[in-house]
Every structure is written in C-alpha cells, then in structure tokens.
Amino acid sequence: MAIADKRFTFDEKREIAPVSHFIKDREEEPELSEHGHYFDFVKHTYHGIGKSDVEIEEVIRNRKEKNWSIHYHVWGHQAMIDMFCMIKNHFGFAFEIEVAVAPRKGGNESVFVLRKDLKGN
C-alpha cells in the first residue's frame with residue numbers, strides 16, 4: 001500500500017495522529033471525532049490558513065455539503081510503522097511488515113508491503 005507522508009503533502013502543518021487517538025476512533029464511534037478532524041484539516045491546510053474559527057466552520061459546512069473527502073489522520077514514515085505495530089499488537093492482527101520504503105526524492109508516499117502471518121503470530 002502507498003500512504004501519503006504528511007511531510008510532503010498539504011498536510012505538512014498538521015500534527016501526527018497519536019496512536020491513542022487512532023485507537024479511540026477505532027474502538028469508539030469515529031463519528032464522534034469527525035468534526036474535530038475536519039476542523040484540524042481546514043485550519044492547518046491552505047483551506048483555512050489565516051481564517052477565523054467562524055470562517056473555518058463555514059468552509060467545513062460548504063465542503064461537507066459536497067461530500068468532501070479529507071485525511072482524518074496523518075503520519076510520517078516512522079509514525080506509520082508505529083501505527084502498524086500498534087494495529088498488530090493492540091488489535092491482534094497477524095502480519096509482518098515485509099517492506100517499508102520512505103518517500104523518494106520528489107515523492108510524497110511511503111510504500112508498505114504487509115505479509116499475512118499464516119501462523120497467527
């Protein structure tokens with residue numbers, strides 16, 4: 001899979017999603033934090049830089065009416081590896097990270113190959 005690395009995208013000013021936040025979104029209803037994700041995205045990308053909170057809320061309303069898609073969580077390369085390790089350990093998924101390639105010059109995605117662990121380790 002290829003996952004955008006925030007350092008090389010429009011997400012660069014956003015904070016890396018802590019593993020605890022990802023777990024909370026997964027175990028609870030992610031809809032509960034949806035507005036916070038939109039607010040963070042708009043405020044810290046070119047959509048909202050320099051705008052007041054009221055203006056940001058208006059951008060969010062307009063975009064949601066158009067079913068606008070955003071990156072709810074953002075990571076850098078090492079943070080993605082940490083996230084995969086958390087998924088494996090916390091949720092009990094059986095896989096190994098076979099390949100992890102950081103973005104190359106001019107690229108903006110980390111590439112990962114995960115191999116299913118058939119033994120369930």
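With loop defined by DSSP as not H, G, I, E or B, and exposure as at most 14 other Cβ atoms within 10 Å, which is the longest segment of the chain clear of exposed GluC sites (Glu not before Pro)?
Values: sites that count: E12, E15, E28.
Longest site-free region, per DSSP loop and neighbour criteria: 29-121.
Helix 77-91 against the longest principal axis of the chain: what's the angle in degrees, Cα atoms only, rounded to the nearest 10?
Once rounded, one gets 70 degrees.
Working out 0.36 nm times the residue gap between R26 and F93, then minus their Cα-Cα distance, what length gain in nm do you get to one decimal?
Working: separation 67, 0.36 × 67 = 24.12 nm, distance 1.39 nm.
Full extension from R26 to F93 adds 22.7 nm.
So, in nm, how far is label V113 from label M1 when the simple model puts each one 7 Å beyond its Cα toward the Cβ?
Going from the V113 label point to the M1 one covers 1.7 nm.
Give K13/K43; K13/K64; K6/K43; K24/K88; K88/K119; K13/K51 a once-over and call out the pairs whose C-alpha atoms are over 18 Å from each other.
Beyond 18 Å between Cα atoms: K13/K64.
Please state the shape class of the stretch 2-116: rounded when a/c is under 1.5, otherwise prolate if a/b exceeds b/c and oblate if not, all from the C-alpha gyration tensor.
Oblate.
Between 0 and 90 degrees, rounded to the nearest ten: what's the tilt of helix 34-43 against the longest Cα principal axis of the chain?
For helix 34-43, the angle is close to 70 degrees.
The numbers here are math on the coordinates, done by the rules we state, and not lab data. Everything quoted here is computed from the prediction, not taken from an experiment. FYI the Cβ positions are ideal-geometry reconstructions off the backbone, even for glycines, and counts take in every protein chain you see.
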